[in-house]
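Inspection log for the structure reproduced underneath, given as structure tokens.
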Amino acid sequence: HFKLIEDIDLADVEFFIIGNRILRFSSIFDGNGHTISNFNYTSTNINHTGLFGYIDGLYAEVKNLGLSDPNVVSMIEGYSNSIGSLVGRLENGIISGCHVQNGSVSGSERNSTGGLAGISYGAIIDCSVVCSVSGTARVGGLAGSSYGIITDCKSSGEVRGNEYVGGLMGSAEGTITKCSSSGDVSGNDSIGGLIGVNSGDVRYCYSSSDVLSSGWEAGGLAGVNRG
């Protein structure tokens, strides 16, 4: 288990992503209220990209951590890929009390791209994101795709994509409670102020995002709501 005892600046540092599909991060990382600045990473050969690539464990948790000015880019194409500033893929585990300030996250074709997490099957609690996010499909201010639990989270950065684009979530099939979004959202099909495509359970959420769609299915809360 790990705990930060001071802020870290990764400017001009060659950083190796923590955890991958083979060696998954399954422990506890406590940011202890500190911030990691200038995490810059361009991926050309790693499927799950973020400060943590792949988190999966019964007691896995990343908490109380801030990211300042992260800039994460993925140039890999494919449905299995996921890109976020904090974590590429959260399989099992919890992210709590984390925030992202400024910076950008950019995914390539068919990736799940989010300001905090690319894909989440776990729980994201009390987190916030203020950064720009862009991609093609499944693009969200907080997470690209969620199949787990999202509670007490908010996002306010600009989000741009082609389809399944939302201010908070690109695609949602889990539970989202007491969340909000306020950044501008733009795209082509299935564009929502909060969620691009919702097939889950959404409660006590709201969005004040401006939504611009050049195609079909756009809404102030969800582009497509199947929940």
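The values are calculated or read from the model by the stated rules, or taken from the named source; none is laboratory data. Model, not experiment: these values are computed from the prediction. As a convention, Cβ positions derive from the backbone with ideal geometry for all residues, glycine included, and neighbour counts pool all protein chains shown. Note: accessible area is taken over every heavy atom of the protein model, side chains too, but ligands, DNA and RNA are not part of it. Shrake-Rupley method; radii C 1.70, N 1.55, O 1.52, S 1.80 Å.
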(message) I'd like the full set of residues that are assigned to a strand (DSSP E or B) and touching a residue at least 60 places away in the same chain (Cβ under 8 Å), limited to the range 46-59.
(response) HIS48, THR49, ILE55
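Looking only at the range 61-94, count how many residues are open to solvent by less than 10 Å² (accessible area, probe 1.4 Å), in contact (Cβ under 8 Å) with a residue 40 or more places away in the chain and closer than 19 Å to ASP126 by Cα. Break it down into steps so the answer makes sense when it comes.
From the range 61-94, those open to solvent by less than 10 Å² (accessible area, probe 1.4 Å) are 62, 65-67, 70, 72, 74, 81-88, 90; that's our starting set.
The next check asks that each one be in contact (Cβ under 8 Å) with a residue 40 or more places away in the chain; those that pass are 65, 70, 82-85, 88, 90.
Going one step further and asking which of them are closer than 19 Å to ASP126 by Cα, we end up with 65, 84-85, 88, 90.
Qualifying residue count for the region: 5.
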(request) Determine the pairs where a residue that is within 12 Å of GLY84 (Cα to Cα) and open to solvent by 30 Å² or more (accessible area, probe 1.4 Å), located within the range 95-120, has a partner that is among the hydroxyl-bearing types (Ser, Thr, Tyr) and assigned to a loop (DSSP other than H, G, I, E, B) with Cβ atoms under 9 Å apart, the partner being 6 or more residues away or on another chain. (result) SER104/SER85
(request) Being open to solvent by less than 20 Å² (accessible area, probe 1.4 Å) and assigned to a strand (DSSP E or B) is the filter here, so list the residues in the range 31-45 that pass it. (result) ILE36, SER43
(request) Give the range 187-206 a look and list any residue that's more than 19 Å from GLY118 (Cβ to Cβ) and over 17 Å from the mean Cα position of the chain (by Cα), or say none. (result) ASN188, ASP189, ASP201, VAL202, ARG203, TYR204, CYS205, TYR206
(request) Would you confirm whether any residue within the range 137-151 is touching a strand residue (DSSP E or B) at 6+ places or on another chain (Cβ under 8 Å), among the aromatic types (Phe, Trp, Tyr), open to solvent by 10 Å² or more (accessible area, probe 1.4 Å) and within 23 Å of ASP30 (Cβ to Cβ)? (result) no
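Which residue out of SER182, SER155, SER120, SER146 is of a type in the set (Ser, Thr, Tyr) and farther than 18 Å from CYS98 by Cβ?
Numbers: SER155 fails: farther than 18 Å from CYS98 by Cβ; SER120 fails: farther than 18 Å from CYS98 by Cβ; SER146 fails: farther than 18 Å from CYS98 by Cβ.
Going through SER182, SER155, SER120, SER146 in turn, just one is of a type in the set (Ser, Thr, Tyr) and farther than 18 Å from CYS98 by Cβ: SER182.
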(message) For the range 194-225, which positions are charged (D, E, K, R) and surrounded by fewer than 16 Cβ atoms within 10 Å (Cβ to Cβ)?
(response) ASP201, ARG203, ASP210
(message) Of everything in the range 36-77, what is more than 15 Å from the chain's Cα centre (by Cα) and of a type in the set (Ser, Thr, Tyr)? Give them in sequence order.
(response) SER37, TYR41, THR42, SER43, THR44, TYR59
(request) Filter the range 16-30 down to residues that are assigned to a loop (DSSP other than H, G, I, E, B), of a type outside the set (Gly, Ala, Ser) and within 20 Å of the chain's Cα centre (by Cα), then give me how many there are. (result) 5
